[in-house]
Amino acid sequence: MRRITCEGLVYYQFETFGGIKHGIFTRLGGISIATWTTLNTGGNVGDNPIAVRQNHERMYAALEVEASRACTVWQVHGSDAVIVDGPVRGRRWLALADAMVTDRPDTPLVMRYADCTPIMLYDPTQGVIGMAHAGWRGTVVGAASNTAKTMMQAYGCKPANLRAGIGPSIGPSRYQVGEEVVEAVQTYFGTTDGLIQRDASDNTAYFDLWAANRLDLCRVGVEQIEVAGICTAQNTDEFFSHRAEKGRTGRFGAVLSL
């Protein structure tokens, strides 16, 4: 990924996405204070709503996308994908879902994260984009693959043309999970090989979200996959981390627009 600085904001872009407007923003360059310092984009974490709105506006300005056209969903740790035609008047979010896809230009897709995995998809042939939010729950119900399949079904995208980016999230060395997660991984993927690692000293389990979402995309034929490999829990100077900051933190934003 490329690290970009713009008027105090810092964000990352996937190398394989060419000139398409997108960014996974860090926590730097906003106006929020204390727990949410500084570019918090989460509206339900206790931050001042005015600060959150201004932080969003700063993101859109950095990417030169139209704020009034921005679309988002109420994220629920599932796998449902919404086909987006544009904002809905009188509503800040489109639906309860964890993914969005669109072929409409100037229609920014926007989501929020704090350890869960940002997933972006782009088909330059059909002119279609998709974005997903995948924590462990979303990962083991196919949030990534369902986003790709929705692009294929709704817009005729072909897997070979899809470019995927797996963004910064909690990394495999920091994401300790319980046995219920291990069972869910086994059930969905049919294996835990390469997905779950055990600590040799106490047999505790660690889940690799990057590898799991990569595998999920590969299984539906997506081959062009860029993995950021940036751990949010190990980089709280740049990213909000729910796990590392014990739940008292903000949400970093991601924006993707044709």
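The rows are residues; the columns are (1) touching an Asp or Glu at 6+ places or on another chain (Cβ under 6 Å); (2) closer than 26 Å to Phe25 by Cα.
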{"site": "Trp136", "(1), (2)": "no, yes"}
{"site": "Val140", "(1), (2)": "no, yes"}
{"site": "Ser145", "(1), (2)": "yes, yes"}
{"site": "Thr150", "(1), (2)": "no, yes"}
{"site": "Lys158", "(1), (2)": "no, no"}
{"site": "Leu162", "(1), (2)": "yes, yes"}
{"site": "Ile166", "(1), (2)": "no, yes"}
{"site": "Ile170", "(1), (2)": "yes, yes"}
{"site": "Arg174", "(1), (2)": "no, yes"}
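Taking (1) under 21 Å from Ile225 (Cα atoms); (2) part of a loop (DSSP other than H, G, I, E, B) in turn, Gln153 satisfies each apart from (2). When restricted to residues that are part of a loop (DSSP other than H, G, I, E, B) and touching a helix residue (DSSP H, G or I) at 6+ places or on another chain (Cβ under 6 Å), the stretch 237-258 contains 2. Of all the listed residues (Ala164, Ala154, Ala143), the sole one being more than 26 Å from Asn235 (Cβ to Cβ), of a type in the set (A, V, I, L, M) and out of contact with any Lys or Arg (no Cβ under 7 Å at 6 or more places or on another chain) is Ala154. Per the conditions (1) under 30 Å from Asn48 (Cα atoms); (2) surrounded by fewer than 17 Cβ atoms within 10 Å (Cβ to Cβ); (3) in contact (Cβ under 8 Å) with a residue 40 or more places away in the chain; (4) basic (Lys, Arg), the sole criterion not satisfied by Arg219 is (1). Counting only strands (runs of 3 or more DSSP E) that fall entirely inside the stretch 165-236 and contain at least 1 residues that are within 27 Å of Lys21 (Cα to Cα) and modelled with pLDDT of 95 or more, the qualifying elements are 224-227.
Between Arg251, Arg219, Arg163, the distinction of being over 17 Å from the mean Cα position of the chain (by Cα) and among the basic types (Lys, Arg) belongs to Arg219 only.
The values are calculated or read from the model by the stated rules, or taken from the named source; none is laboratory data. No experiment lies behind these values; they were computed from the predicted model shown. So basically every Cβ, Gly included, is an ideal-geometry build from the backbone, and we count neighbours across all protein chains shown.
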